[in-house]
Amino acid sequence: MVKRDLAIGLIFLTQTTVGILGNFSLLCHYIILSFTEYRWRSTDFIHKHLIVANFLALLCKGVPQTMAAFGWKHFLSDIGCKLLLFLHRVGRGVSIGSICILSVYQAITISPGNSRWAELKVKAPKYLSPSIFLCWVLQMLVNIIFPMYLMSTLSDKNITNKKDFGYCSSVRHDKIRDSLNAVLLSFPDVVWLSI
């Protein structure tokens, strides 16, 4: 069991480290570009938000999961647990939404001039900022209910029906309520992916 936990911890550590280094290099790239006379493209705005969303997802899930895999499980308070998983879900949702917005924008941009998308080529750049902002707001609103069902592993409440995440745990309710929450939480992701 100890070798298995060590292997999982090393895998989480490697993935988290590579992800953080990749996002950090992109962040440095955009910081350097902001000091030069670089002419910003419309897709750069999406990339910046994607970097922030990926950082949120990586730091709020990868780091605690790595710590839990190495055996350090009781390090978050109740509020810390709720905030961390809320920020992870928001970052994950915004990543999916930003990739969808980027894909739609690129599909409009590369479409031929005589297609039905031609008139959208001119209008599309001005809708990028509101779309990304709407993506952030919707993810925060949808995921606001998620922390209500979480508690820290330090919690002294005696609950027998819970799901353990290693560093946090979730209270399980009846199957109908859990199913409705699962549908509500996954609905925006399904919509983004279908677009």
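The values are calculated or read from the model by the stated rules, or taken from the named source; none is laboratory data. Quantities reported herein were computed from a predicted structural model and do not represent experimental measurements. With ideal geometry, Cβ positions are generated from the backbone for all residues, glycine too; neighbour counts draw on all protein chains shown. Just the protein is used for accessible areas: all its heavy atoms, side chains included, with ligands, DNA and RNA removed. Shrake-Rupley method; radii C 1.70, N 1.55, O 1.52, S 1.80 Å.
Which order do you get for 2, 52, 183 if you rank them by accessible area with a 1.4 Å probe, largest at the top? Let's see the in-between values first.
Numbers: 2 120, 52 70, 183 95 Å².
Greatest to least solvent exposure: 2, 183, 52.
Which order do peptides 31-40, 76-85, 12-21, 95-104 fall in by mean Cβ count within 10 Å, highest first?
Values: 31-40: 9.1, 76-85: 17.8, 12-21: 14.7, 95-104: 20.0.
Descending packing order for the listed peptides: 95-104, 76-85, 12-21, 31-40.
To test your reading of the geometry: what angle, between 0 and 90 degrees and rounded to tens, separates the Cα axis of helix 42-57 from the longest principal axis of the chain?
In the chain, helix 42-57 runs at an angle near 0 degrees to the longest axis.
So which chymotrypsin sites (Phe, Trp or Tyr not before Pro) in the stretch 86-124 pass both tests, a DSSP loop state and at most 16 other Cβ atoms within 10 Å of the Cβ? Can you show the working numbers first?
Values: sites: 86, 105, 117; in loops: 117.
Answer in residue order: 117.
Between residue 144 and residue 111, what length comes free when the chain is fully extended (0.36 nm per residue of separation minus the Cα-Cα distance, one decimal in nm)? Mind dumping the intermediate values first?
Numbers: separation 33, 0.36 × 33 = 11.88 nm, distance 3.79 nm.
Result for the pair: 8.1 nm of gain on full extension.
By how many nm would the segment from residue 18 to residue 34 grow when fully extended, if each residue of separation counts as 0.36 nm and the alpha-carbon distance is taken off?
Working: separation 16, 0.36 × 16 = 5.76 nm, distance 2.44 nm.
Result for the pair: 3.3 nm of gain on full extension.
Percent of accessible area on the stretch 77-155 owned by carbon and sulfur, 1.4 Å probe?
Values: 3050 of 4310 Å².
Carbon-and-sulfur percentage of accessible area, whole number: 71.
Could you work out the relative contact order of the chain? I mean the mean sequence separation of Cα pairs under 8 Å and 6+ apart, divided by the number of residues, in percent. Write out the running numbers ahead of the final one.
Working: 205 pairs, mean separation 48.9, N = 195.
Once divided by the residue count of the chain, the mean separation gives 25 percent.
Return the Rg/Rh value of the chain, two decimal places, where both radii are evaluated on C-alpha atoms and Rh is the Kirkwood radius.
Numbers: Rg = 20.0 Å, Rh = 19.0 Å.
On the Cα set of the chain, Rg over Rh gives 1.05.
Too long at a 29 Å Cα-Cα cut-off: which of 48/123; 61/126; 48/121?
61/126
Could you check the spin-label model distance between residue 180 and residue 72? Points 7 Å from the Cα along Cα→Cβ, value in nm.
Result for the modelled spin labels: 4.0 nm.
As a check on your grasp of the helix formula, calculate [θ] at 222 nm for the chain: sum -39500 (n - 2.57) over DSSP H runs of n ≥ 4, divide by the residue count, round to the nearest 500. Can you show the working numbers first?
Working: 6 runs with 134 residues, N = 195.
Theoretical 222 nm ellipticity from helices: -24000 deg cm²/dmol.
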